[in-house]
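**Q** The following block contains the structure, expressed as structure tokens.
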Amino acid sequence: MPDSWVLCPICLQRITWDDPPLYRYDAARDDYVEQPVPPDAGPEQLARLRLAARVRCPNQRGEPHHLPASYGGSGRPLVFGLVGARGSGKTHLLTAMINAVDRGDLYRHYGLACWPLEVLLHQEYLRDNVGPLIGGACVLPPTPPGRVMFADGFMVAQEHGPPRPVALFDVAGDDLTRVADATAFLDVVDGLIFVVDPLRLDGPARRDSTFGAVLDLLRASGRLPEVSAAVVVNKADLLRFEDPVALWLRRDTATLDPEESLRESADVYAYLHSRGAHAWTRPYGECTRATLHVASATGSSATQETDAGDAGDARFAQGVHPRRVLRPLVSLLAMNGALASSEAARIGI
Ligand SMILES: Nc1nc2c(ncn2[C@@H]2O[C@H](COP(=O)(O)OP(=O)(O)O)[C@@H](O)[C@H]2O)c(=O)[nH]1
Ligand SMILES: [Mg+2]
Ligand SMILES: [Zn+2]
């Protein structure tokens, strides 16, 4: 009999899944408690118990985390991550994206039902990231270097389809190539969001070494053909006088249209080339399926509230108004079959 193991989407370890003990989330205690199974429970009662039950990941490193009891049967998780230089806006973009998912945009516009993969970690992410940025218009603190972090995850399901786990990782800056757990991440990643920082387009290097480094690692391990890419020109609010970037940023359509996706990709590609930023388009040329996007995580730049220059006090004085942040994720879901339709099949080809 083959070993029954699954990939934990949170710590990225292989874990054995052999009739594990059940837990349930107890809202009053705000924690997981063991879920006893009555010895005389019938199959229907068992099925009902399992529906809400959780299994604790046996990996002792890091925070304890729990997966849906149905996880063992739900197939390999989709693992997505953000790549880009420090300061390119990965954390803000991911936060705006998760906010959009959390308020139900994937279901409303694309018919994809979503629920949290891990209740406690999801609540933590809302409290530490989504609340301060979207609710408080605060600049989020820089991600500590040297880490590949599980940010949040969802179970996603199309009508009548089986649920699929999706895990999102916030990768800390330029040192992905030097971090030990980056290897574990790159060994299983399915889709990458490459974040282009327009502020670097004027710099002398006109490149982002993280893009090339990740592509080179994936090529070396033979995984490049399996990984899809969404290249995002983030902070596009800074480019509001630059056609066609500005035109795309103002569009507010939320449908999965391969024609439109191709036009946006072609425009962004041409824009990056016109700025001499060829290295930034590498993922488009090298990954089998890829799209290019325009987005703004926050809608405007942050301003310093005090004149003391305290980093902690920076805020978005005009409020936070994310633009087109969900599309890169929608494209990855389409390119990886979690969003399946005749339109989705033509995204990123
Ligand atoms: N104008 C503008 N600034 C942004 C946007 N997204 C992020 N920033 C700024 O970029 C800086 C770095 O963002 P962060 O998400 O921490 O970058 P990371 O290091 O790639 O995770 C922050 O100070 C933000 O204020 C955006 O969409 N527009
Ligand atoms: Mg960050
Ligand atoms: Zn785990």
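All of the numbers you see were taken from the coordinates with simple rules; none came from a lab. On a predicted model such as this, the values are computed, not experimentally measured, just so you know. In this analysis, Cβ positions are derived from the backbone assuming ideal geometry, glycine residues included, and neighbour counts consider all displayed protein chains.
**Q** On a C-alpha basis, how far is the centre of the range 72-94 from the centre of the range 231-274 in Å? Whole number, if you could?
**A** So the separation of the two Cα centres works out to 21 Å.
**Q** What percent antiparallel are the DSSP beta bridges of the chain, to the nearest 5?
**A** Antiparallel bridges make up about 55 percent of those DSSP assigns within the chain.
**Q** Shifting gears a bit: On the Cα set of the range 118-202, report Rg and Dmax in Å, please.
**A** Over the range 118-202's Cα set, Rg and Dmax evaluate to 15.4, 49 Å.
**Q** What value does the range 5-73 have for Rg/Rh, both radii from Cα atoms and Rh as Kirkwood defines it?
**A** Value, to two decimals: 0.98.
**Q** Taking only DSSP H segments of four or more residues, each worth -39500 (n - 2.57), what value at 222 nm results for the chain once the sum is divided by all its residues, to the nearest 500 deg cm²/dmol?
**A** Details: 10 runs with 94 residues, N = 349.
That calculation yields -7500 deg cm²/dmol at 222 nm.
**Q** Which part of the range 62-93 falls in the paramagnetic zone of Glu34, meaning amide N under 13 Å from the point 7 Å along Cα-to-beta-carbon?
**A** No residue passes the distance filter.
**Q** Compactness ratio of the range 1-128: Cα Rg over 2.2 N^0.38 Å, N = residue count?
**A** On the way: Rg = 16.9 Å, N = 128, 2.2 N^0.38 = 13.9 Å.
Output field value: 1.21.
**Q** Something else: Just the ratio, please: alpha-carbon radius of gyration of the chain over 2.2 N^0.38 Å, N its number of residues.
**A** The reported ratio for this selection is 1.01.
**Q** With a 10 Å cut-off between alpha carbons and a GNM built on the chain, which of Leu168, Leu49, Leu106 moves the most?
**A** Largest GNM mean-square fluctuation: Leu49.
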